[in-house]
Amino acid sequence: MSGPAASAPEASAPVAAEPTEDGAAFRIQAVDRAVLLLKSVATSTTPPTVLELARACGINRSTAWRLLRTLEYHGLIDRDPITQRYTVGYGAITVAAAVTDDTLVRRVRPLLKDLSARTEESVLLAVARRFNLVYVDQVDPPHIMAPHWLDKPLPLHATSGGKAFLAWLGPEELPRYTSRTITRRSQLERELEEVRRVGYALCVSEYEEFSSGASAAVLNSRGYPMAVVNIWGPTPRNPVRKLHKIGREAVKTAEEIGKLLD
């Protein structure tokens, strides 16, 4: 593999560390740039070239090329020998597979606590596992007794969290859980279209008669759902008007989580 044409040699990136915004830790410039390139490859709608990546990341072309060579060597990115365009490599799967729910929970729990305080209801975080969503964290407001839903799978079409997730994917089979459960695909598609428009989904006694909730999906830069923020409580305490209000609060928190994970 040869380097980019007419690229002048450039001194190695300094090892000196530069402080982060909060001054609590230090970063190495070369690592910063490599991570920036990797994220740019992962979020590009089409496989980019070294020049496109260098421009997008504000990095000198020859520096970008050397960092990409290093990432390619470790299997984190892959280069098409014909088009010279880059995609995420299979080595990244090993890294991604090591990420646990605990890692996600630690990072976003302060946001869930804040959302629970604002809405005065239980707030849950769900992630996709196979054909269901599974709750991985739950924050309850003080002095309110609430059942724990951790590790419990929930159907995609009969819960606000499931609908917030499905809105960006497509419907699955539709079994009935209560008299209010949506079972017709055409009706579900209309509701999912509304979810995409307003950013949150509602569930009014559709999975369990006594509970209702609102949820918003945490989307990555490509608009793919990574997790779901769910707020729920007893149906009598949560009329539809209130559900719309807490749904908008869920959207704010989901957007904050998305920025945190980006």
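The values are calculated or read from the model by the stated rules, or taken from the named source; none is laboratory data. Owing to the predicted nature of the structure, the values given are computational and were not obtained by experimental measurement. Cβ: placed from backbone, ideal geometry, glycine included. Neighbour counts: every protein chain shown. Note: accessible area is taken over every heavy atom of the protein model, side chains too, but ligands, DNA and RNA are not part of it. Shrake-Rupley method; radii C 1.70, N 1.55, O 1.52, S 1.80 Å.
Observations on the structure shown:
- GNM on the chain, alpha-carbon springs under 10 angstrom: the most fluctuating residue among Val105, Val195, Val134 is Val105.
- Computed with a 1.4 Å probe over protein heavy atoms only, the accessible surface of the range 70-146 comes to 62 Å² per residue.
- Listed peptides 209-221, 245-257 by packing density, highest first (mean Cβ within 10 Å): 209-221, 245-257
- For the range 140-262: rounded, prolate or oblate by the Cα gyration tensor [a/c cutoff 1.5]: oblate
- Note on Lys152 and Asn132: the model spin-label points, each 7 Å out from Cα along the C-beta direction, lie 1.1 nm apart.
- Contact order for the range 124-262, expressed relative to its length and based on alpha carbon pairs under 8 Å spaced 6+ residues apart, stands at 21 percent.
- Surrounding net charge for Ser40, when Lys and Arg each add one and Asp and Glu each subtract one, Cβ distance under 11 Å: +2
- Spatially proximal lysines relative to Lys242 (Cα-Cα < 29 Å; intrachain offsets below 8 disregarded): Lys113, Lys152, Lys163, Lys252, Lys259
- All other residues whose Cβ lies under 13 angstrom from that of Glu72 are scored, Lys and Arg at +1 and Asp and Glu at -1, for a net of +2.
- Summing +1 for each Lys or Arg and -1 for each Asp or Glu among the other residues whose beta-carbon sits under 11 angstrom from that of Ile182 gives +3.
- In the range 32-97, chymotrypsin sites (Phe, Trp or Tyr not before Pro) in a DSSP loop with at most 13 other beta-carbon atoms within 10 Å: Tyr90
- Recomputing percent of Cα pairs over 24 Å apart from the coordinates shown identifies the correct label among [x] 56; [y] 43; [z] 53 as [x].
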